[in-house]
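The values are calculated or read from the model by the stated rules, or taken from the named source; none is laboratory data. This one's a predicted model, so the numbers in the text were calculated from it and none came from an experiment. With ideal geometry, Cβ positions are generated from the backbone for all residues, glycine too; neighbour counts draw on all protein chains shown.
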Amino acid sequence: MNIGLFGYGVVGSAVYNVLNHTPTLMASVVKICIKNPEKQRDIKPGMFTIDRRELLDNPAINVIVEMTDDAEAAFQIVKESLQKGKAVVTANKKMVANHLPELIELQSLYNTPLLYESACCASIPVIRNLEEYYDNDLLHGVEGIINGSTNYILSKIFNENLSYEEALKKAQELGFAESDPSLDVEGHDALNKLCLLLVHAYGVIAHPTVLLCHGIHRLNHIDREVASAQGAQIKLVARAVKQQNGEVAAFVLPQFVKPPHLLHTVRNEYNGVVLTSALADEQFFYGKGAGGFPTASAILADLSALRYDYRYEYKKLLLQEPSVLAADVKLNVYVSFQDWQLLPVDAFEEIHEYYSGKSFHYRKGVVSMKKLKGSDWWKQPGVSLILQEDAILKSPSVIV
């Protein structure tokens, strides 16, 4: 394999180093495309270029590894690579989530593989397992902590009693969160990853904008006290659950999680994914979901898979009857708010518990996912929405 590498940040440099120490793969980096030629780097300058054409137009390069942070620029790189018959490995989950239909069509049209295991949960091989191990199993649900930054922040809040601001600052100092953390803390990163899981688990192609999503940026100290009082922690959980009618409910929301739930044990920057199926029951995947070498391990696995001409078959989408997204489900939620005017009178379908104090109030009950999508009261400052453990009302019975 003669590799053209786009990006030489934390992950790109890790991939380069791993390849240099994996001679059995018989792969070498020919050229590296970067944005900032002035930055000091640890390998000879002749390896670098700022001109993408030196990679895309080089007939000797037969594999492109793409790890840039610009989703639209990445799509153009990947599109042209596939058109030129160059296999692609990418870690760019936003690019794949935003352009999945076009990418599937390009792979078919030009008979060229695109692999992206590293784009979801880094070192955890969840996509390959959904694509191969669960290709014929009846999969009831996928739920996971798939963003290491938010999980690190929440772990520090609950296990070390730090405030949200203190935990976020520590995450930024350690490189787990960006200087602008909105992509992580508002749930967008986990949402992009959920879109990848959906197509391989259920054959559902969903653009991120159509799914319900909320992050951890509105949580407050009262929410933490309520969670602790019931022996729970709050986790940002991505979920896809097959309903009795065959439709799939999918969303990313904070959730109360307590033992013995497997996700309760997932702490710091680690990720965890629970798959529930008719035949295998529960299976738990756990590992580092971010970082240079964990991500590089997944990229290396994809490069190795190219050796035997592996490609995604999108079996649940193309070889079976794909599932469809549920238009609505009823969710069991906890909502805290500072002012009664922030909560519409018709926000809840049912109210199971409520509390009212001088400067803080909460309600527990049932809300409609469809109505949440069509409103924004729950996104306002001073409002916090968290799923309860029994998140979906009347969760479907086992489908056999």
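Brief remarks on what is shown
- Boolean, Lys156 is at pLDDT 95 or above, crowded, with 20+ Cβ neighbours inside 10 Å and within 30 Å of Gly357 (Cβ to Cβ): yes
- Yes/no for Leu387 being on the phi < 0 side of the Ramachandran plot, out of contact with any His (no Cβ under 7 Å at 6 or more places or on another chain) and at pLDDT 95 or above: yes
- Helices (runs of 4 or more DSSP H) enclosed by segment 113-197 - at least 3 residues per element that are within 15 Å of the chain's Cα centre (by Cα): 126-132, 148-159, 182-185
One line per residue, one yes/no per condition, for (1) within 20 Å of Cys213 (Cα to Cα); (2) surrounded by 18 or more Cβ atoms within 10 Å (Cβ to Cβ):
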| position | (1), (2) |
| --- | --- |
| Arg307 | no, no |
| Asp328 | yes, no |
| Asn332 | yes, yes |
| Val335 | yes, yes |
| Asp346 | no, no |
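- Within segment 198-243, restricting attention to residues that are small (Gly, Ala, Ser) and assigned to a strand (DSSP E or B), the residue that is nearest to Ser356 (Cα to Cα) is Ala238.
- Long-range neighbours under 9 Å by Cβ, at least six apart or interchain, first residue without any contact (Cβ under 8 Å) to a residue 60 or more places away in the chain within segment 231-244, second of a type in the set (Lys, Arg): Gly231/Lys258
- Check on Val65, under 25 Å from Lys93 (Cα atoms) and either in contact with a Cys (Cβ under 8 Å, 6 or more places away or on another chain) or touching a residue at least 40 places away in the same chain (Cβ under 8 Å) (or both): yes
- Criterion: outside any loop (DSSP other than H, G, I, E, B), in contact with a helix residue (DSSP H, G or I) (Cβ under 7 Å, 6 or more places away or on another chain) and at pLDDT 95 or above - qualifying residue of Val11, Val18, Val29: Val29
- Set Asp309, Asp302, Asp339: member being touching a Gly at 6+ places or on another chain (Cβ under 7 Å) and not hydrophobic (A, V, I, L, M, F, W, C): Asp339
- Summed over segment 92-113, residues that are buried (at least 17 other Cβ atoms within 10 Å of the Cβ) and over 27 Å from Tyr270 (Cβ atoms) total 7.
- Which listed residue, of Ile77, Ile43, Ile64, is outside any helix (DSSP H, G or I) and within 30 Å of Pro208 (Cβ to Cβ): Ile64
- Candidates in segment 239-264 are the residues that are farther than 14 Å from Asp328 by Cα and touching a Phe, Trp or Tyr at 6+ places or on another chain (Cβ under 8 Å); of these, the one that is surrounded by the fewest Cβ atoms within 10 Å (Cβ to Cβ) is Leu262.
- Residue within segment 264-279 that is part of a helix (DSSP H, G or I) and more than 29 Å from Tyr354 (Cα to Cα) present: yes
- Number of the condition not met by Thr209 [criteria: (1) β-branched (Val, Ile, Thr); (2) more than 24 Å from Lys169 (Cα to Cα); (3) in contact (Cβ under 8 Å) with a residue 40 or more places away in the chain; (4) surrounded by fewer than 23 Cβ atoms within 10 Å (Cβ to Cβ)]: (3)
- For segment 312-400, the strands (runs of 3 or more DSSP E) that sit wholly inside it and include 1 or more residues that are in contact (Cβ under 8 Å) with a residue 60 or more places away in the chain and within 24 Å of the chain's Cα centre (by Cα) are 330-337, 383-392.
- Per-region count, segment 178-200, residues more than 18 Å from Ile234 (Cβ to Cβ) and in contact with an Asp or Glu (Cβ under 9 Å, 6 or more places away or on another chain): 3
- In the set (1) among the aliphatic types (A, V, I, L, M); (2) at pLDDT 95 or above; (3) crowded, with 18+ Cβ neighbours inside 10 Å, Ile50 fails one condition alone, (3).
- When segment 1-46 is limited to residues that are over 23 Å from Gly85 (Cα atoms) and of a type in the set (A, V, I, L, M), the one that is surrounded by the most Cβ atoms within 10 Å (Cβ to Cβ) turns out to be Val11.
- Pairs, first touching a residue at least 40 places away in the same chain (Cβ under 8 Å) in segment 37-57, second β-branched (Val, Ile, Thr), C-beta under 7 Å, six or more apart: Phe48/Ile32; Phe48/Ile34; Arg52/Ile77; Leu55/Ile61; Leu55/Ile64
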